[in-house]
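Trainee: Supplied in structure tokens, the structure appears directly below.
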Amino acid sequence: MPSVAWLVARMLVVAAGLLASPGVTAAPHEYQVKAAFLLNFTRFVEWPASAFSAPESPFVVGVFGHDPFGADLDRMVTGESVNGRPLTVRRVRSAAEASKCQILFIHQSEDRRLDELMAALDRHSTLTVSDLPGAAQRGVMIRLVTEGGHVRMRVNVESARAAALLISSNLLRSAEIVPNPESR
């Protein structure tokens, strides 16, 4: 498994590469960094074979709700693969579509539908990621939080474990662990 330092360096390189133009130097914006996190989660999480409908199925990163990434996420996955599977991005509108994703980013715009979506994804091997306040306490596996200009992770390990996902200890070292409300 790559180190956390490698993860951070890769995210910054990928995000900065999106902006690279002659004579232009700009810091990556928040959702470029979050897109890089999504891409790098593929290297720090293990999915069971049952997460794919067939051996040749692509590895799908889904965006549920408003798409804050625009073309940046699509550019980042171009030519990338995960364990020999091509990486692809889909915009999804229903729980049925979401259940076919290996990673699902749930935008803040879906606050009122979050509990219904999480219930529909129960026991599916879909890594759920959101920037919605309180999302990790509501069962989302990884909440991306922007604090002081930095993106940080809050991880609900119990939700990931229930979905048969294994999150690397290298990733967990740089995250705040959030328990399920039922386990308190």
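Trainee: Need pairs with beta-carbon distance below 9 Å; first residue hydrophobic (A, V, I, L, M, F, W, C) and within the range 161-184, second modelled with pLDDT under 90 and surrounded by 15 or more Cβ atoms within 10 Å (Cβ to Cβ); sequence gap 6+ or separate chains.
Mentor: So the pair list comes out as Ala162/Asn180; Leu171/Val4; Leu171/Leu7.
Trainee: Tell me yes or no: at least one residue of the range 45-60 is on the phi > 0 side of the Ramachandran plot and assigned to a loop (DSSP other than H, G, I, E, B).
Mentor: no
Trainee: Considering Thr128, Thr146, Thr78, which residue is of a type in the set (S, T, N, Q) and within 18 Å of Trp47 (Cβ to Cβ)?
Mentor: When all the criteria are applied, what remains is Thr128.
Trainee: Residue under question is Phe69, and the condition is that it be in contact (Cβ under 8 Å) with a residue 12 or more places away in the chain, crowded, with 16+ Cβ neighbours inside 10 Å and assigned to a loop (DSSP other than H, G, I, E, B); does it hold?
Mentor: So Phe69 fits the description; yes.
Trainee: How many residues does the range 103-150 contain that are farther than 22 Å from Thr88 by Cα and β-branched (Val, Ile, Thr)?
Mentor: 2
The values are calculated or read from the model by the stated rules, or taken from the named source; none is laboratory data. As the structure is a prediction and not an experimental result, all values here were calculated from the model. Positions of Cβ are backbone-derived with ideal geometry, glycine not excepted, and every protein chain shown enters the neighbour counts.
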